[in-house]
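Pasting a structure below so you can have a look.
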Amino acid sequence: MFPFRNILFPTDFSAHAHAALKYAAAFARHGRGRVFLFNVQDAKVPPDLPAQMKALASDPLLNEVDAEPVLVEGEPRVEIANGAINHGIDLITVVMRERNRLSRAFVASIAEEIVAESPCAVLAIRPPQRDFVEKSEIRLKRVLLATNFRPSSVAATQLATQISNQLGAELHAVYVIGDYFEQITVMFPEGGLAALMRLRSYAQERMGQLSRTGGATSHIAEGRPYQEIVKLSTTLDADLIVIGTAVHGSLFGNSQVLGSEIERVIRNAPCPVLCVPAARVVSPLPALVTQAVPQM
């Protein structure tokens, strides 16, 4: 899973999209891999597009990095997901765009659709953020893994552990007990409080196991998950958040959409967020799985 060797850099040649190039180049340089400069047009390819791609390929950020241009036609989220499969991609780098409340409520951005549809890890960037690329090299000091011990967290746990071990970064892991349990205890004082106590005990046990097996410093918080994850990442000065992606079908079509808490983590994080799709597992203790089960 790490180091990443094949990195997909989707671009529309804008300065906004360009912000992800240094991350793509740095990971490719570290893994001695390749960056695929990927442009999708929803209509006929403009005649000057090859020239734009050639100029991008000569960008100084790509010095000593193998870069391959790819121009395709179609719907961006579909073609990028297909491109990830066709080119054996390990990582996609995307930049999030700021949106107003109305657009967030009704329309997913292309970047969010990429995260939801991607068969591989996606690094979501939202400038300005804490930057872990210095002089074209990866400089990670602290990595924060957000886990819920569900199957969606398995691959994220493995990848966060590999990244921190290989790059010499501190690994922190957080489990958030959702604030809905507080609401339950108010409505059903006897049963709700007992359930909350059991969940606290379970969280302490599982986080202890994760610390012993993965070497992570564990944190348990209570409240709104995305708020607690963002708050802890700020307190720790984390350079990277790693989180497993949970998706569900859209009410308005066949596309996949992100869970609201994951989307809010990406939108509010003080650092880039590495979104890792769930792997298939066969263990009742997914957080302790040490080898990924390959997708079929």
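The values are calculated or read from the model by the stated rules, or taken from the named source; none is laboratory data. If you're wondering where the values come from, they're calculated on a predicted model, not measured in any experiment. Here Cβ is always computed from backbone atoms with ideal geometry, including for glycine, and neighbour counts include all displayed protein chains.
Looking at (1) farther than 25 Å from Arg267 by Cβ; (2) touching a residue at least 24 places away in the same chain (Cβ under 8 Å), find the lone condition where Asn82 falls short.
(2)
Hey, another quick one. Looking at the structure I just gave you, is Ile89 buried (at least 19 other Cβ atoms within 10 Å of the Cβ) and part of a loop (DSSP other than H, G, I, E, B)? Don't jump to the end; show me each part of the working.
Working: buried (at least 19 other Cβ atoms within 10 Å of the Cβ): yes; part of a loop (DSSP other than H, G, I, E, B): yes.
When the stated conditions are applied, Ile89 passes them.
To continue, here is another question. Of all residues in the stretch 97-136, how many are modelled with pLDDT under 95 and outside any loop (DSSP other than H, G, I, E, B)?
So the answer is 15.
A further question on this structure: How about the stretch 19-67: which of its residues are crowded, with 18+ Cβ neighbours inside 10 Å, under 26 Å from Glu137 (Cβ atoms) and over 21 Å from the mean Cα position of the chain (by Cα)?
Within the stretch 19-67, Met53, Leu56, Leu61, Leu62, Val65, Ala67 meet the criteria.
Still on this structure, please answer the following. Search the stretch 188-206 for residues that are at pLDDT 90 or above and pair each with any residue that is in a helix (DSSP H, G or I) when their beta-carbon atoms are under 8 Å apart and the residues are at least 6 apart or on different chains.
Arg206/Ala287
Right, another one. If only one of Val95, Val70, Val78, Val154 is in contact with a helix residue (DSSP H, G or I) (Cβ under 9 Å, 6 or more places away or on another chain), surrounded by fewer than 20 Cβ atoms within 10 Å (Cβ to Cβ) and closer than 26 Å to Pro3 by Cβ, which one is it?
Working: Val95 fails: surrounded by fewer than 20 Cβ atoms within 10 Å (Cβ to Cβ); Val78 fails: closer than 26 Å to Pro3 by Cβ; Val154 fails: surrounded by fewer than 20 Cβ atoms within 10 Å (Cβ to Cβ).
So the residue among Val95, Val70, Val78, Val154 that is in contact with a helix residue (DSSP H, G or I) (Cβ under 9 Å, 6 or more places away or on another chain), surrounded by fewer than 20 Cβ atoms within 10 Å (Cβ to Cβ) and closer than 26 Å to Pro3 by Cβ is Val70.
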